[in-house]
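Asks: After the C-alpha cells below, expect a handful of questions from me.
The values are calculated or read from the model by the stated rules, or taken from the named source; none is laboratory data. Owing to the predicted nature of the structure, the values given are computational and were not obtained by experimental measurement. We place every Cβ from the backbone using ideal geometry, glycine too, and count neighbours over all the protein chains shown. For the accessible areas, the whole protein counts, side chains as well, though only heavy atoms, and no ligand, DNA or RNA atoms are used. Shrake-Rupley method; radii C 1.70, N 1.55, O 1.52, S 1.80 Å.
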Amino acid sequence: LITARHVLSGLNPFTNDPMQEATGFIPRECIVRPTIRLDSSIKRVEFQALLTDELGNPFWREDPEFATLRTDITALLVPDPPEGQIVCLNEALSAEEVVTFVGVDCSILGYPNLNYGGLLTPLWRRATIASEPATAVDGKPMFLVDASTAPGFSGGPVLRRQYGSLAYHGDNGELSIDV
C-alpha cells in the first residue's frame, strides 16, 4: 500500500507534530479494503493492518533520506488476502512511458472523512499537473498537482487519463504518437 507518510504516521512531515493537534492522535492500525479477483469475478475484502509494534516502531517503510528530503511517501506491506488476488490500479498500464507535462489534466482519488452512504468507493477530483514531472520540486523527486481536495485525499493516487492521440516514448527512445 503506497500512501502519504503522514496518513500512516499521523505526523506532519515537515515538523513531526501530530496532525491532530487537539488530540495528539497517532494511528496504530488501519483498515485495508482491497478489491480482489476471484476467477472471473471481483469482490472487496477487509482486514486490519498494524502500523507499529508495541514500542511504536513502524511496520511501514519510508524514504531512507526522509530526515533530509522530507518526502511524504511511505509503503506498507499488507498481507495477501486469504483468497483471490488483489487488483491493482495500474494493471491496465502498458510498459510504454506516456509523455506527461505541466498543464495536463489528471484526477485524484480520495476517501473524504464523510462516508456517503457507506459505499466505500473513492471520490474523483479533477486536477491539473502543476509542475514539470521530470523536474524536482524543492530538491525532492516529486511533482505538484493542483486540485480542490479535502481531508481524506492525502496519499490518494493521481491518475492521468488520455483521450484522443497519445504521445509516448517508444522502445528506441523516439517520441511516438498513437492516434
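Asks: Name the pairs whose Cβ atoms lie under 9 Å apart, with the first residue in region 53-74 and under 16 Å from G139 (Cβ atoms), the second modelled with pLDDT of 85 or more and of a type in the set (G, A, S), and 6 or more positions between them or separate chains?
Replies: D72/A4; I73/A4
Every residue, every condition in (1) in contact with a Leu (Cβ under 6 Å, 6 or more places away or on another chain); (2) open to solvent by less than 80 Å² (accessible area, probe 1.4 Å); (3) of a type outside the set (A, V, I, L, M, F, W, C), yes or no:
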| site | (1), (2), (3) |
| --- | --- |
| L1 | yes, no, no |
| E21 | no, no, yes |
| I36 | no, yes, no |
| D39 | no, no, yes |
| I42 | no, no, no |
| V45 | no, yes, no |
| D53 | no, yes, yes |
| E65 | no, no, yes |
| T68 | no, no, yes |
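Asks: List pairs: first residue in region 24-35 and more than 16 Å from F47 (Cα to Cα), second residue assigned to a strand (DSSP E or B) anywhere in the structure, Cβ distance under 8 angstrom, at least six positions apart or on different chains.
Replies: Note: pairs meeting the criteria are G24/P18; F25/P18; I26/L11; I26/P18.
Asks: State yes or no: is I31 part of a strand (DSSP E or B) and at pLDDT 80 or above?
Replies: Working: part of a strand (DSSP E or B): yes; at pLDDT 80 or above: yes.
So I31 fits the description; yes.
Asks: Would you pick out the residues in region 34-66 that are hydroxyl-bearing (S, T, Y) and modelled with pLDDT of 80 or more? Working first, answer last.
Replies: Going through region 34-66, the residues hydroxyl-bearing (S, T, Y) turn out to be 35, 40-41, 52.
Answer for region 34-66, where residues must be hydroxyl-bearing (S, T, Y) and modelled with pLDDT of 80 or more: just T52.
Asks: Looking at A134, A150, which is the one that is within 28 Å of R33 (Cα to Cα), among the aliphatic types (A, V, I, L, M) and either part of a strand (DSSP E or B) or modelled with pLDDT under 85 (or both)? I'd like the intermediate steps shown before the answer.
Replies: Details: A134 fails: within 28 Å of R33 (Cα to Cα).
Exactly one of A134, A150 is within 28 Å of R33 (Cα to Cα), among the aliphatic types (A, V, I, L, M) and either part of a strand (DSSP E or B) or modelled with pLDDT under 85 (or both), namely A150.
Asks: Against the definition (closer than 26 Å to P141 by Cβ and not in a strand (DSSP E or B)), how does T23 come out, yes or no? First the steps, then the outcome.
Replies: Working: closer than 26 Å to P141 by Cβ: no; not in a strand (DSSP E or B): yes.
So T23 fails the test.
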